[in-house]
Amino acid sequence: MLPYNLDHVAIAVVDLDEAIPRFAELYGAVAGERERVESQGVEEVMIPVGGSHIQLIAPLGDDTAVGRFLAKRGEGLHHVALAVPDIEAALEDVRQAGGRLVDEEPRPGGRGARIAFVHPKSWGGTLVELVELPL
């Protein structure tokens, strides 16, 4: 079993322009650079908090996964992301443990990372993202 470390907690928001200063002030932190991740259908920003981050994600359209999430549930916790040193091995660990994967193979994410999502039914009702950051 690989070591898992908290990378970030993602919060879905409707408007990044409004949310960034609100969350940065709330956590007494400076937001990082905004990034469009077309493959995820989001624009995002990381706000450092302690040794981790709060990730604000806003949909690029209503027909994206985050757009549908916001329409159904409103703003709030979207997922928890765990950093792993080897995403293929982490996916195999989840499979071996009987977990359900949203992504069978890694895909590109923000910050040049490779990511994959684990179905909420495999993690106590919470969507979990596995993140392998570039070296």
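What follows draws every value from the coordinates through simple rules; no lab data is involved. No experiment lies behind these values; they were computed from the predicted model shown. No Cβ is skipped: glycine too gets one built from the backbone with ideal geometry, and neighbour counts run over all protein chains shown.
Could you tell me whether ALA29 is outside any loop (DSSP other than H, G, I, E, B), among the small types (Gly, Ala, Ser) and out of contact with any Phe, Trp or Tyr (no Cβ under 7 Å at 6 or more places or on another chain)?
Criteria not met by ALA29.
Hey, could you check the stretch 106-125 for residues that are in a loop (DSSP other than H, G, I, E, B) and in contact with a Leu (Cβ under 8 Å, 6 or more places away or on another chain) and say which is nearest to GLN55 (Cα to Cα)?
The selected residue is ALA113.
Only residues in the stretch 42-63 that are over 12 Å from ILE11 (Cα atoms) count as the first member; pair them with residues that are of a type in the set (S, T, N, Q) and not in a loop (DSSP other than H, G, I, E, B), Cβ under 7 angstrom, at least 6 apart or cross-chain, and list the lot.
Pairs that qualify, where the first residue is over 12 Å from ILE11 (Cα atoms) and the partner is of a type in the set (S, T, N, Q) and not in a loop (DSSP other than H, G, I, E, B): there are none.
Conditions tested, residue by residue: (1) charged (D, E, K, R); (2) buried (at least 18 other Cβ atoms within 10 Å of the Cβ); (3) under 15 Å from VAL128 (Cα atoms).
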| residue | (1), (2), (3) |
| --- | --- |
| VAL13 | no, yes, no |
| VAL30 | no, no, no |
| GLU35 | yes, no, no |
| GLU44 | yes, yes, no |
| GLN55 | no, yes, yes |
| LYS72 | yes, no, no |
| PRO85 | no, no, no |
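Quick one: what pairs do we get from the stretch 91-106, first residue free of Cβ contacts under 8 Å to residues at least 40 places away in the same chain and loosely packed, with under 15 Cβ neighbours inside 10 Å, second of a type in the set (Phe, Trp, Tyr) and assigned to a loop (DSSP other than H, G, I, E, B), C-beta under 6 Å, 6+ apart or different chains?
none
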